[in-house]
Amino acid sequence: MIHSLFLINSSGDIFLEKHWKSVVSRSVCDYFFEAQERATEPENVPPVIPTPHHYLISVLRHRIYFVAVIQSEVPPLFVIEFLHRVVDTFQDYFGVCTEAAIKDNVVVVYELLEEMLDNGFPLATESNILKELIKPPTILRTMVNTITGSTNVGEQLPTGQLSVVPWRRTGVKYTNNEAYFDVVEEIDAIIDKSGSTITAEIQGVIDACVKLTGMPDLTLSFMNPRLLDDVSFHPCVRFKRWEAERILSFIPPDGNFRLLSYHVSSQNLVAIPVYVKHNISFREGSSQGRFDLTLGPKQTMGKSVEAVLVSSQLPRGVLTANLNPSQGTYTFDPVTKMLTWDVGKINPQKLPSLKGTMSLQAGASKPDENPSINIQLKIQQMAISGLKVNRLDMYGEKYKPFKGIKYMTKAGKFQVRT
Amino acid sequence: MQEWANQLCENRQFGSKMTDSKYFTTTKKGEIFELKAELNSDKKEKKKEAVKKVIASMTVGKDVSALFPDVVNCMQTDNLELKKLVYLYLMNYAKSQPDMAIMAVNTFVKDCEDLNPLIRALAVRTMGCIRVDKITEYLCEPLRKCLKDEDPYVRKTAAVCVAKLHDINAQLVEDQGFLDTLKDLISDSNPMVVANAVAALSEIAESHPNSNLLDLNPQTINKLLTALNECTEWGQIFILDCLANYSPRDDRESQSICERVTPRLSHANSAVVLSAVKVLMKFMEMLPKDLDYYGTLLKKLAPPLVTLLSAEPELQYVALRNINLIVQRRPEILKHEMKVFFVKYNDPIYVKLEKLDIMIRLASQANIAQVLAELKEYATEVDVDFVRKAVRAIGRCAIKVEQSAERCVSTLLDLIQTKVNYVVQEAIVVIKDIFRKYPNKYESVIATLCEHLESLDEPEARAAMIWIVGEYAERIDNADELLESFLEGFHDESTQVQLQLLTAIVKLFLKKPTETQELVQQVLSLATQDSDNPDLRDRGYIYWRLLSTDPVAAKEVVLAEKPLISEETDLIEPTLLEELICHIGTLASVYHKPPSAFVEGSRGVQHKRLTSSAGSGESVESPDTGSAAVSEAPPTVIPSQGDLLGDLLNLDLTPPTSTGPPPAAAPGMQLGAMDLLGGGLDSLMGDESEPPPIPLRTDTPQSPQPPHQSPSPPDYSPTELGGDIGGSPAMGAGFGAPPAAMPASFNAPISGGLDDLFDLGGGGGMTMGTYIPPKTVWLPAMKAKGLEISGTFVRRSGVIQMEMTLNNKAMSVMSDFAIQFNRNSFGLAPAGPLQILTPISPNQSIEAALPLSTVGPVMKMEPLNNLQVAVKNNIDVFYFSCQYPISMLFLEDGKMERQVFLATWKDIPNENESQFQIKDCHLNSDAASNKLQGSNIFTIAKRTVEGQDMLYQSMKLTNGIWVLAELRVQAGNPNYT
């Protein structure tokens, strides 16, 4: 099971260590530093590193490496999932998960880690339960505690810990009962240089914010549930009901949670919302290159494409880029060679373009690689897969909740090759 | 009101200093001193703040253990937060202050009876984390209560505590019967308790290979499956991993388990998903392939695997490593999902490389066009490693999908035209492989390749190009010129290129003898006279002799038709693959190595194999039930290195006192039984020079010799001589100074070693030399790409030697051997390089002796005489481990003075003594003594007591530890004690 945890910042300092079994010397991290040195980018550090007596499993989040030390055969995914949970919990408690935030709350962090794992076994990882055990620090509470001498550790066994619905505490009360659901879809796609789609898939999630009194039992049904053939549910969803009726039936956790994530992979269901016309070329023997990019809407079902951001890693030989955007602003970082163009909204009548020249190092040969273009965008009020919620019903409680559903489409890893 | 607002303002300013970072500020006076004062303050608040400061210092690795008594004093409090903080501190420092930690025990015991279940659980949990023996004694009673607590939260915490306690003191846990209580918890009404009990048992079982801890039967399985639906995600992982160890009785049970596990594939936690995949992959083997459900299951497996690939990169990496196994076992699952493995340019490099690997595995005639287009795209990326692998992948596609070979070659030619140096070199290397797979098909491209001759600067590419030129010399007009151009800088080339050049020129000569006589002479003299490299020299001489004696034979040898290279060389060997499939989701699956290869975590991991459905498995036994699937019969199980290791590890865990049933001893069995296993060795005692064994005393519970009959060493108490105990090595380091912490496991190998010696003792007393154990296969060919190593250890005139037979069972020549040892208990290290001068050609075997020194780095091994070895050759590096007989470490000067012996013998503490019995040794005491002397075991004194000969013996190990032994020989009784 998980033996120890080290937190390492971007400059390579171990700023926190926690051991759940015997103490493992921090020198074990030297193997990690070795691997880190070999990696060209911080992201390229391999997630599993063997050492003579231990294995190091790490994740990089918010520029902090979370390095778990394990000694015996443990499923690595289990460790990684747990580390993700640690990151989420910190973020949940402190708003941000930064070195400063962790150091500022080191005792709470320690208490949390102790509560999350016992002898390497996960104990309480649900945010609801943790918050009952250890109150998140807020300025007000710190003050009150200082004045009254009270504590931020819960004295009672969290109610949810052992019930059949461990994710929900009892005795929840709200004056305004509300349930909001956000259907968010991300398009991952690779478009080749001629504009045809090589792969395209949709990663969708339904995030919920449910603030309902008591023990509500909700059902959510879809207009077109057949879209969802590859789904991962929050533990609260009754799987049998879904199998039989394609209805989501659940007692929700209190507050924010991810109800469902899904994956739509069949390509004909994935609409590509924008097209890119590009011409990035270098001529042999010349130190100049041409850069010409035009964006246009493709399959948007009448909605407007907003918050478009184009970025591209230009070849290493490029010194400067002298470009002229028809709208928005662009930046070129001469060190990382990253070109970023903040386009904003695409106006179908006047297509945004970015044109100009790039200059190469004098005497440098024509670059070998073709830069890829990364696109971010947002489309409000639409789920690109066409998924639509039919209705939301509540049972078990008498009041009438306020319900809301929002749709949004974003670009995930949307890449255009040139 | 105004006042309150003011105060609020003040506090807000103060607020910036109210974070925990204030705990790190230090004062000049000395932190510890100040904290001490604060900890002893009367004010509760101040105390708490002080403990927080202490914890803060602890988290950054500062030593605050000096405050132990002061912190422990704060423990008795009603304030839960303060209590928790003190507990945190205790867990960290109790080990360094065991005496002080006792002070905390009372509070723990009291807290275990608290009304609040949270406090009860906290107390039992914390106690288990304090790794101090004295405390664990006190833990037992509270733990027993908590395991039966009415509150499930306490029970589930207590379940984990048993695992903790087992880690500290396994014996105690067994004696107290906690294991049974834990087993009972599997039937608990609360799913969380069940999950934790399973997790705890699994962890304990890992260090307890033979115990039937997780005794899985249909009833428990049913309980687990019920709990599976209701417990937390983590609990689900434990339960699924446990389920995977079960072997269903028939296909119906298999199917019903699969049906109940399938919903887990939709879980949000990827670890749950992968564990479920493991269970399904394993149990699917049991299902008949024509079953509808089988097809449904196959379809259900694809989406969750694909979904894993849209997760974070580190999850993707683990998923990809596992998918790599899954597609090798069942390519049909993901055959339509090629596109999800296409690489995105901002994937981390470790994800890119794995995706590429799987793309090749999934490549088929149907999708090859797409794959090739992708690979070509990748070849223009920035990352050099990735580009190289992409180019190599194109070559592998050509070899795998025959229909695509032509396209691949033309793609490679396109890439060569880009003139990017490393792309060209890599392309040439793979084109060589394509030539080997499809000879005489794509020679038209040679001209293009030759254009790039000058730009090749990497040895592998140069060697590949030279091979091509040599192989097709008759079709290349200027082959001699080309090769001659390489010859100019012959001595600056790497060995690889030199060898290839030598062979190529010889080929050229055999094809065009008239024009190239001069060239071949030049290269032969370069190779044989001017080179220091033995490989090159030897090969040069062989060719020279061949050419000079019999050119026809030379032609037959050198220009012989080469076997085609196999379709996929990098597939995982089937038995290993089967085992790895059973370990999906584990570290083993990430490293593609059997769990036994993990030194640390593998103590006695049992080997798992897929059990196939009745129709397909064991075709010999069940031809009547045989369906059409007979071709699916599992490959013959050849004991892999892992098995061997497992055996050795197992035997080490068999305590020497066990009354293992001695197998019926058959004469000449030595050659068969290769392990040190106690029972096995007993059987060796009967041997060829003796008449078939005298009735074996299988369960001699009592030694003929009652205790306290050996008056001369009065302190020595021969203790209960039960079971088949042999020999009695007792140890004393130096002279009488008992070693501080002599590893307990020392006895086991010694007994093994002694048994070995006596085994020889039974050998008729013919040879007087050292005992040499027969050679054992250390590294089976299957594990090492065709290299088989067997060997033994021997001590010859004071020098320890490792004698090996290297057998090349592969298709290609092996050369460039080197050897290295891991650190080991006695600091064994090679005293010189491995002397294998000539490359080993296929099906040839070679003997090598490697002198060893004992001055290498020391690290305690488990078992003590374990040695981990790495052998490198031109193909790869291979690892194996073997065990050396302890006897080879006995020094020639191991004869102790009588007086010293007597004194030392007395001083040996009881705990350093152990006893063994050796059976059926038909030698009298003198013969035995002579025999043993051959192995540097010296008889110091001999006495006869009541018809028994007592031999007192000493031996000295290379690291200076003395081992003293008493040997009793009863006349007429073939048992030595």
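Odds and ends about this structure:
- Among the residues of the stretch A:218-228, the ones that are crowded, with 16+ Cβ neighbours inside 10 Å and at pLDDT 90 or above come to 4 in all.
- Where residue B:170 falls short, out of the listed (1) away from chain A (no Cβ under 14 Å); (2) touching a Gly at 6+ places or on another chain (Cβ under 7 Å): (2)
- Boolean, residue B:297 is modelled with pLDDT of 90 or more and buried (at least 20 other Cβ atoms within 10 Å of the Cβ): yes
- Unmet requirement for residue A:118, which otherwise passes all of (1) out of contact with any strand residue (DSSP E or B) (no Cβ under 9 Å at 6 or more places or on another chain); (2) more than 8 Å from every other protein chain (Cβ to nearest Cβ): (2)
- Counted residues, the stretch B:236-288 - those being among the charged types (D, E, K, R), free of Cβ contacts under 8 Å to residues at least 40 places away in the same chain and within 20 Å of residue A:122 (Cβ to Cβ): 1
- Within the stretch B:255-281, tally of residues that are touching a Ser or Thr at 6+ places or on another chain (Cβ under 8 Å) and in a helix (DSSP H, G or I): 5
- Entry remark, the stretch B:301-332: residues being β-branched (Val, Ile, Thr) and closer than 14 Å to residue B:278 by Cα number 4 in total.
- Any hit, the stretch B:342-359, residues being farther than 23 Å from residue A:40 by Cα, more than 9 Å from chain A (Cβ to nearest Cβ) and under 32 Å from the mean Cα position of the chain (by Cα): yes
- Residue count for the stretch B:226-247 satisfying the condition of being outside any helix (DSSP H, G or I), surrounded by fewer than 20 Cβ atoms within 10 Å (Cβ to Cβ) and of a type outside the set (S, T, N, Q): 0.
- For the stretch B:360-393, the set of residues classified as among the charged types (D, E, K, R), more than 23 Å from residue B:325 (Cβ to Cβ) and more than 12 Å from chain A (Cβ to nearest Cβ) consists of B:388 only.
- Flag if residue A:311 is touching a residue at least 24 places away in the same chain (Cβ under 8 Å) and out of contact with any Asp or Glu (no Cβ under 9 Å at 6 or more places or on another chain): yes
- Whichever residue in the stretch B:35-53 is more than 10 Å from every other protein chain (Cβ to nearest Cβ) and among the hydrophobic types (A, V, I, L, M, F, W, C) and, among such residues, is farthest from residue A:5 (Cα to Cα): B:37
- Of all residues in the stretch A:183-205, exactly one satisfies the criterion of being more than 12 Å from chain B (Cβ to nearest Cβ), surrounded by fewer than 22 Cβ atoms within 10 Å (Cβ to Cβ) and assigned to a strand (DSSP E or B), namely A:184.
- Hits in the stretch A:311-337 - residues which are modelled with pLDDT under 90 and within 14 Å of chain B (Cβ to nearest Cβ): A:313, A:314, A:315, A:316, A:317, A:318, A:336, A:337
- Scanning the stretch B:279-322 for residues that are out of contact with any helix residue (DSSP H, G or I) (no Cβ under 8 Å at 6 or more places or on another chain) and farther than 18 Å from residue B:339 by Cα yields B:285, B:290, B:292, B:295, B:296.
- Residue B:314 meets each of the listed conditions (1) touching a residue at least 24 places away in the same chain (Cβ under 8 Å); (2) within 14 Å of chain A (Cβ to nearest Cβ); (3) over 25 Å from residue B:230 (Cα atoms) apart from (1).
- Sole residue being among the basic types (Lys, Arg) and within 27 Å of the chain's Cα centre (by Cα), chosen from B:156, B:183, B:145, B:164: B:164
- Residues that are away from every other protein chain (no Cβ under 14 Å) and over 30 Å from residue A:15 (Cα atoms) number at least 3 in the following helices (runs of 4 or more DSSP H) confined to the stretch B:56-142: B:98-111.
- Taken residue by residue, the stretch B:202-212 has at least one member that is touching a residue at least 60 places away in the same chain (Cβ under 8 Å), within 11 Å of chain A (Cβ to nearest Cβ) and in a loop (DSSP other than H, G, I, E, B).
- Applying the condition of being modelled with pLDDT of 75 or more and within 14 Å of chain B (Cβ to nearest Cβ) to the stretch A:357-368 and asking which residue is nearest to the chain's Cα centre (by Cα) yields A:367.
Rundown of residues vs (1) aliphatic (A, V, I, L, M); (2) surrounded by 19 or more Cβ atoms within 10 Å (Cβ to Cβ); (3) in contact with a helix residue (DSSP H, G or I) (Cβ under 9 Å, 6 or more places away or on another chain), yes/no style:
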residue	(1), (2), (3)
A:10	no, no, yes
A:29	no, yes, no
A:55	no, yes, yes
A:58	no, yes, yes
A:63	no, no, yes
A:109	yes, yes, yes
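- Some residue of the stretch A:382-403 being within 13 Å of another protein chain (Cβ to nearest Cβ) and either over 25 Å from the mean Cα position of the chain (by Cα) or at pLDDT 90 or above (or both): no
- Identity of the residue in the stretch B:74-96, in contact with a helix residue (DSSP H, G or I) (Cβ under 7 Å, 6 or more places away or on another chain) and surrounded by fewer than 18 Cβ atoms within 10 Å (Cβ to Cβ), that ends up farthest from residue A:115 (Cα to Cα): B:96
- Tallying residues that are within 12 Å of another protein chain (Cβ to nearest Cβ), among the hydrophobic types (A, V, I, L, M, F, W, C), more than 15 Å from residue A:168 (Cα to Cα) and outside any strand (DSSP E or B) within the stretch A:217-243 yields 3.
- Test result for residue B:264, buried (at least 20 other Cβ atoms within 10 Å of the Cβ), within 14 Å of chain A (Cβ to nearest Cβ) and of a type in the set (Lys, Arg): yes
- Residue match in the stretch A:29-50 (condition: of a type outside the set (Gly, Ala, Ser), facing chain B (nearest Cβ under 7 Å) and farther than 21 Å from residue B:354 by Cα): no
The values are calculated or read from the model by the stated rules, or taken from the named source; none is laboratory data. Bear in mind that the values here come from a model prediction, so they are computed numbers and not experimental data. Virtual Cβ from ideal backbone geometry, glycine too; neighbours counted across all protein chains shown.
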